[in-house]
Amino acid sequence: MTEAGDRSRARERRAGEATPAQLPSAFAEIASGADQSGVRLYNERLLLSLVRRFGPLSKIEVARLTGLSVQSTSAIMNRLQTDGLLKREAPLRGRVGQPTIPMSLDPDGAFSLGLKIGRRSCDLVLVDFRGVVRKRAHRTFAFPTPERILDFVREQQPGLVDSLTEAQRRRIAGLGVAAPFQLWTWEAEIGAPAGAMADWREFDTANEIAKICPYPVTLCNDATAACAAEFFFGSGWRHRDFLYFFLGAFIGGGLVLDGALRIGRTGNAAAIGSMPVAQKSDRRGAPQLIACASIYQLERRLADAGIDASSIWATPEAWADFGDVLDAWINDAAEALAYASVAATSVIDFEAIVVDGEMPASIRDRLIARTAQVFDGLDRRGLSEVAFVPGTIGADAGAIGGAALPLVKAFARDREVLLKDVVAQTS
């Protein structure tokens with residue numbers, strides 16, 4: 001490749017990335033550093049967050065964003081490079097003066113493991129410092145039990161880690177677990193035999209997994225973890241306030257306010273699946289969103305129609321052709337999501353509603369389009385407009401979100417740390 005070609009590729013790469021001049025409101029007012037003593041760690045984490053979100057940045061660009069002196073910025077970025085967290089990119093020439101040298105996250109700077117425990121499947125992934133999945137393992141089942149999950153981790157975790165060099169293994173930050181709360185309460189919905197999931201009631205997920213894992217273990221609600229993946233590795237950070245829907249076997253949610261992920265008093269914020277929606281009701285009132293916009297409902301409809309639904313869980317990014325049954329489910333799920341969105345925006349003035357799930361991107365996009373259509377037809381007098389946008393992580397959001405937890409704790413700014421000293425409990 002010629003030098004001119006290198007310059008051209010560098011310009012193309014940076015043309016598609018956010019620039020300091022395009023700093024969104026969700027980040028602008030909190031992207032400030034300080035020169036006082038005692039804030040070295042804060043400034044290091046701030047710089048890593050900037051580079052993670054905007055891509056390769058020069059020292060001058062970082063100084064302009066943070067308000068730090070170029071000398072201080074240079075010292076911090078050099079130190080991060082020495083620590084293996086940043087690396088130099090090709091110089092950008094063609095400007096007046098010396099060529100600028102952007103710096104980016106070193107993908108080998110840190111690694112993390114993420115475990116997603118689902119109602120129909122589980123996933124274990126190894127991600128690098130940029131959030132790229134290096135290796136994965138996947139398993140499906142009729143319903144989850146603690147023994148099945150422990151066996152899966154015990155069998156698969158060594159193989160994922162063995163793919164790294166010894167030096168890389170020393171940079172593993174931990175294992176994050178994304179798991180639904182109160183799994184034992186959903187036996188009927190997923191068709192498990194009565195009492196088959198009762199062991200989850202007394203199972204200490206984080207401690208039991210820690211016994212078979214040599215790395216620190218962090219536990220979080222699965223939907224909140226998926227939201228963390230979108231916020232930390234995806235495009236969600238571009239919205240200052242957004243509600244996050246993730247459609248897995250059961251629908252769940254996440255919440256970002258004032259540019260920070262919120263988990264709530266008990267780690268159960270945005271438990272959107274429990275929201276009642278204005279569809280058919282019985283004597284107990286309106287049904288919950290979980291019964292109207294979850295993938296297990298599509299699975300049931302397919303079974304009733306005599307259609308094999310196994311591809312939903314075996315290949316979540318490439319479903320079989322489910323025809324009219326899928327069309328009807330999309331329509332009903334979108335109606336429920338639209339009602340839930342109106343209810344949510346009447347409480348919080350969201351900028352966006354982000355929708356993602358364990359489904360092909362084409363189906364997710366159809367669901368979003370139909371939800372926005374129904375939403376526009378509802379009575380929303382007194383409410384502000386809100387944008388419906390697709391998530392950028394997809395079916396892996398839960399597992400990648402789990403892997404994000406140790407990285408967030410170790411390298412993110414305080415405002416981004418969703419689990420600093422405590423972990424969410426499962427009861």
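The values are calculated or read from the model by the stated rules, or taken from the named source; none is laboratory data. Note that the coordinates shown come from a computational prediction; the quantities given were computed from them, not determined experimentally. Reconstructed Cβ throughout: ideal geometry from the backbone, glycine too, with neighbour counts over all protein chains shown. The area values use the complete protein model at the heavy-atom level, side chains included, leaving out ligands, DNA and RNA. Shrake-Rupley method; radii C 1.70, N 1.55, O 1.52, S 1.80 Å.
So here's what we get for this one:
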{"quantity": "Of the criteria (1) more than 15 Å from L405 (Cβ to Cβ); (2) assigned to a loop (DSSP other than H, G, I, E, B); (3) touching a Leu at 6+ places or on another chain (Cβ under 9 Å), which one G267 fails", "calculated": "(1)"}
{"quantity": "Elements of type strands (runs of 3 or more DSSP E) in the stretch 61-126, at least 1 residues being in contact (Cβ under 8 Å) with a residue 40 or more places away in the chain", "calculated": "103-105, 111-117"}
{"quantity": "Lone qualifier among V354, V342 - being of a type in the set (V, I, T) and touching a His at 6+ places or on another chain (Cβ under 8 Å)", "calculated": "V354"}
{"quantity": "Pick from the stretch 300-333, criterion free of Cβ contacts under 8 Å to residues at least 24 places away in the same chain and of a type in the set (V, I, T), ranking: farthest from S121 (Cα to Cα)", "calculated": "I307"}
{"quantity": "Residue within the stretch 367-378 that is farther than 22 Å from G234 by Cα, part of a loop (DSSP other than H, G, I, E, B) and in contact with a helix residue (DSSP H, G or I) (Cβ under 9 Å, 6 or more places away or on another chain) present", "calculated": "yes"}
{"quantity": "Answer from V354, V374 - the residue that is open to solvent by 20 Å² or more (accessible area, probe 1.4 Å) and of a type in the set (V, I, T)", "calculated": "V374"}
{"quantity": "Where A271 falls short, out of the listed (1) open to solvent by 10 Å² or more (accessible area, probe 1.4 Å); (2) modelled with pLDDT of 95 or more; (3) in contact with a strand residue (DSSP E or B) (Cβ under 8 Å, 6 or more places away or on another chain); (4) not charged (D, E, K, R)", "calculated": "(2)"}
{"quantity": "Given (1) more than 16 Å from the chain's Cα centre (by Cα); (2) buried (at least 24 other Cβ atoms within 10 Å of the Cβ); (3) of a type in the set (D, E, K, R), number of the condition D222 does not satisfy", "calculated": "(1)"}
{"quantity": "Tally, over the stretch 227-268, of residues that are over 19 Å from I117 (Cα atoms), open to solvent by 20 Å² or more (accessible area, probe 1.4 Å) and not aromatic (F, W, Y)", "calculated": "12"}
{"quantity": "Helices (runs of 4 or more DSSP H) within the stretch 135-201 that include 3 or more residues open to solvent by less than 50 Å² (accessible area, probe 1.4 Å) and in contact with a strand residue (DSSP E or B) (Cβ under 9 Å, 6 or more places away or on another chain)", "calculated": "146-162"}
{"quantity": "Qualifying residue in the stretch 395-414 (condition: part of a helix (DSSP H, G or I), modelled with pLDDT under 95, among the hydrophobic types (A, V, I, L, M, F, W, C) and open to solvent by 30 Å² or more (accessible area, probe 1.4 Å))", "calculated": "yes"}
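Here is a yes/no grid of residues against (1) charged (D, E, K, R); (2) in contact with a helix residue (DSSP H, G or I) (Cβ under 9 Å, 6 or more places away or on another chain); (3) farther than 30 Å from L57 by Cα:
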position	(1), (2), (3)
L113	no, yes, no
I117	no, yes, yes
H138	no, yes, yes
Q156	no, no, yes
A188	no, no, yes
A198	no, yes, yes
E208	yes, yes, yes
P214	no, yes, yes
